[in-house]
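Quick note: the coordinates plus some simple rules give every number you see, no bench work behind them. Treat the numbers as computed from the prediction; the structure is a model and nothing was measured. A quick note on method: Cβ atoms are made from the backbone with ideal geometry, for glycine too, and the neighbour counts reach across all protein chains shown.
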Amino acid sequence: MKKRTVLFAFAFLATIMFMNAQSDFGIIAGLSYNSNGDLKEITDIYNHGGEGKSGFNIGFYGKINLGAIYVRPELVYTKTTSEYILNTGNTEDYKLSKIDAPVLVGINLIGPLNVFAGPAFQYILDNELDGIDISDVKNEFSVGVNIGASVEFGRIGIDIRYERGLSENEANWTNAGETFTLDSRPEQIIFSLSYSLSKSKS
């Protein structure tokens with residue numbers, strides 16, 4: 001019930017956000033190469049860095065043009081996967097799904113080329129490690145940062161960005177009598193394609 005309330009609040013805020021994004025609004029989707037932080041045993045006897053795997057994202061954006069500068073809020077569903085070697089020697093995937101709400105500030109450099117950066121507010125929906133009874137992360141809400149560049153050709157936009165979680169956040173579980181923690185902060189390289197629903201075709 002709590003997560004439904006949060007999702008409703010995100011949807012309501014997104015509606016207000018896009019209604020006020022008079023300059024442009026549209027849809028965005030993409031693929032990512034992502035990883036999370038280290039998996040370690042509580043006494044630091046065992047420590048393993050995650051291997052990155054592919055993920056995806058899909059959502060909406062709004063854009064307010066302020067001359068050469070623009071503000072671009074987004075609301076995006078993101079799914080990431082990282083691979084870890086457990087203390088048993090088995091390899092398992094850690095899967096994380098979340099709602100991202102980046103608020104980007106961009107600058108038009110020349111022609112269709114832009115650069116941007118800004119905070120990304122994140123709400124974690126679910127996290128799981130195959131074959132392990134894993135508890136929820138400590139903080140469902142967290143903050144990250146996005147930085148990247150984009151090009152726009154009419155209604156089509158292409159961007160590449162780097163995302164890094166800033167808020168310390170861990171998932172915990174017990175296996176074979178030992179307690180483990182996993183740094184759930186995401187680190188992603190994201191390739192996205194956007195389509196404007198408000199620009200003219202010309």
Check: Each label point is 7 Å from the Cα along the Cα-to-Cβ direction; what then is the distance between the points at Glu140 and Ile160, in nm?
Finding: 3.6 nm
Next item on the list: Rounded to the nearest 0.05, what FRET efficiency do Ile110 and Lys53 give with R0 = 45 Å and r taken as the Cβ-Cβ distance? Could you check?
Entry: 0.80
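In the structure shown, do any of Lys63/Lys95; Lys98/Lys199; Lys53/Lys79 have a Cα-Cα gap over 22 Å, and if so which? Don't skip to the answer; put the middle values down first.
Details: Lys63/Lys95 31 Å; Lys98/Lys199 29 Å; Lys53/Lys79 11 Å.
Violating the 22 Å Cα-Cα cut-off are Lys63/Lys95; Lys98/Lys199.
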Next item on the list: Determine ³J(HN,Hα), in whole Hz, for all residues of the stretch 101-112 in sequence, where each value follows from phi through the Karplus function 6.51 cos²θ - 1.76 cosθ + 1.60 and θ = phi - 60°; x replaces Gly and Pro.
Entry: 10, x, 10, 9, 10, x, 10, 7, 7, 7, x, x
Next item on the list: For Lys199, list long-range residues whose amide hydrogen, built 1.01 Å from N in the peptide plane, is under 5 Å from its own amide hydrogen.
Entry: Phe25
Check: Short version: ³J(HN,Hα) in whole Hz for each residue of the stretch 51-62, in order, from phi by Karplus 6.51 cos²θ - 1.76 cosθ + 1.60 (θ = phi - 60°), x for Gly and Pro, what are they?
Finding: 9, x, 9, 7, x, 8, 8, 8, x, 10, 9, x
Next item on the list: Calculate one ³J(HN,Hα) per residue across the stretch 154-165 by plugging θ = phi - 60° into the Karplus curve 6.51 cos²θ - 1.76 cosθ + 1.60, and present them in order as whole Hz with x for glycine and proline.
Entry: x, 7, 9, x, 10, 9, 10, 9, 10, 10, 9, x
Item checked: Estimated distance in nm for a label pair at Glu83 and Ala117, the labels positioned 7 Å out from Cα along Cα-to-Cβ -> 3.3 nm
Notebook entry, point to check: Based on Cβ point charges of +1 for Lys and Arg and -1 for Asp and Glu, what charge dipole magnitude is obtained for the stretch 53-99 about its Cα centre, in debye rounded to the nearest 20?
Noted result: 240 debye
Check: Under a plain spin-label model, where a point goes 7 Å from the Cα along Cα-to-Cβ, how far apart in nm are Tyr195 and Leu66?
Finding: 3.0 nm
